[in-house]
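Trainee: After the structure tokens below, expect a handful of questions from me.
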Amino acid sequence: MKKYLLPENGTFYKANLHCHSTFSDGKWTPEEIKEKYMRHGYSVVAFTDHRTLYSQAHLTDENFLSLDGYEIDVSETLDTGRGYKKTCHFCLIAKKQGTAQPDFGDEDTYTPENISRIMRSAREKGFFVTYNHPNWSLEDFSDYINYHGMDAMEIANYGCIAVGYQDYAPMVYDEMLRYGKKIFCVATDDNHNRFDEDSLYCDSFGGFTVIKADSLSYENIIRALEKGNFYASQGPEIKELWYEDGIIHIKTSPVKKIDFVFGSRRAKTVIAENDGFLEEAECEVPENSIYVRVSAKDEKGLPADTNAYFTENLK
């Protein structure tokens with residue numbers, strides 16, 4: 001039986017789910033962000049300024065949706081002796097517009113127990129939780145594997161990539177998946193816009209999440225996020241994704257390489273020959289697979305990544 005992993009019906013909407021404006025340390029106003037992002041094909045922006053939820057609901061119209069949210073940071077305060085201090089950042093996107101900012105109590109104690117408590121409480125209070133830029137945060141496996149309560153992680157944070165950090169992090173995603181976290185992956189900008197829109201150093205328009213939903217309404221976009229009806233990209237498009245009779249199929253914009261990852265010591269790659277391009281590929285999912293996810297890379301090496309689909313749910 002054919003099982004669509006991205007819905008067969010609906011419309012794709014390009015989204016930035018991590019964004020800073022002049023309400024915190026960003027350099028563009030929310031109105032400027034809307035105008036510039038729409039020019040680059042975006043339909044959705046989650047305004048996630050630091051520590052305080054500033055709703056920009058007035059920006060929503062028939063062609064643009066503003067999501068309410070904010071970013072929490074919990075950091076080490078004591079001298080660790082390492083020469084640096086770790087921090088944990090995560091975004092909370094309100095599942096209903098107009099949701100009040102909750103009081104989580106202690107938001108400053110940097111322990112996995114306290115961070116997990118906040119994440120879980122945020123989900124209970126109606127927020128979609130994304131764990132952000134682990135490499136910029138100087139966190140490692142011993143940190144993030146002990147965080148519980150996130151809905152998704154940033155497989156790509158373009159704001160960090162733009163200034164030299166290694167925050168295209170598929171290995172972090174795979175580690176979390178292999179150790180039992182059934183989470184999604186998103187790509188975001190985390191834009192602060194300290195450089196002009198046409199600068200090579202601009203931190204906007206480089207990481208995006210493409211959401212497939214029935215319409216551009218707050219309710220439908222949130223429902224699609226909850227169901228995982230989206231993919232993360234820094235360039236390529238994923239047009240179709242389905243599973244049928246033990247085989248996963250993908251259709252994309254023209255790319256040079258498509259990788260299939262299974263969470264085990266098995267993988268498969270399909271590469272375009274000579275000067276050609278790929279626009280589709282398929283792969284049998286091995287029986288010992290924990291999950292399957294697909295990564296497609298264009299001629300510039302820019303990836304698009306699907307969410308992981310656990311094999312136990314494919315049958």
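Trainee: Only residues that are surrounded by fewer than 19 Cβ atoms within 10 Å (Cβ to Cβ) and in a loop (DSSP other than H, G, I, E, B): list them for the range 236-255, please.
Mentor: Once the filter is applied, which keeps residues that are surrounded by fewer than 19 Cβ atoms within 10 Å (Cβ to Cβ) and in a loop (DSSP other than H, G, I, E, B), the range 236-255 yields Glu237, Asp245, Gly246.
Trainee: Count, please, the residues in the range 184-235 that happen to be assigned to a loop (DSSP other than H, G, I, E, B), crowded, with 21+ Cβ neighbours inside 10 Å and touching a strand residue (DSSP E or B) at 6+ places or on another chain (Cβ under 6 Å).
Mentor: 7
Trainee: Based on what the data block shows, is Ile33 among the hydrophobic types (A, V, I, L, M, F, W, C) and out of contact with any Asp or Glu (no Cβ under 9 Å at 6 or more places or on another chain)?
Mentor: Yes; evaluated as a whole, the condition is true for this residue.
Trainee: Does the range 27-47 include one or more residues that are over 23 Å from Gln234 (Cβ atoms), open to solvent by 10 Å² or more (accessible area, probe 1.4 Å) and assigned to a loop (DSSP other than H, G, I, E, B)?
Mentor: yes
Trainee: When residues of the range 102-138 are filtered for being crowded, with 19+ Cβ neighbours inside 10 Å and of a type outside the set (Ser, Thr, Tyr), how many remain?
Mentor: Looking only at that region, the number is 11.
Trainee: Of the numbered conditions (1) of a type in the set (Gly, Ala, Ser); (2) in contact (Cβ under 8 Å) with a residue 12 or more places away in the chain; (3) more than 20 Å from Met176 (Cα to Cα), Ser295 satisfies every one except a single condition; which is it?
Mentor: (3)
Trainee: If you scan the range 5-23, which residues turn out to be open to solvent by less than 30 Å² (accessible area, probe 1.4 Å), over 17 Å from Ala304 (Cβ atoms) and hydrophobic (A, V, I, L, M, F, W, C)?
Mentor: Cys19
Trainee: Quick one: in the range 256-272, of everything that is of a type outside the set (Lys, Arg) and not in a strand (DSSP E or B), which residue is surrounded by the most Cβ atoms within 10 Å (Cβ to Cβ)?
Mentor: Phe262
The values are calculated or read from the model by the stated rules, or taken from the named source; none is laboratory data. On a predicted model such as this, the values are computed, not experimentally measured, just so you know. So basically every Cβ, Gly included, is an ideal-geometry build from the backbone, and we count neighbours across all protein chains shown. Just so you know, the surface numbers come from the protein's heavy atoms only, side chains and all, with ligands and any DNA or RNA stripped out. Shrake-Rupley method; radii C 1.70, N 1.55, O 1.52, S 1.80 Å.
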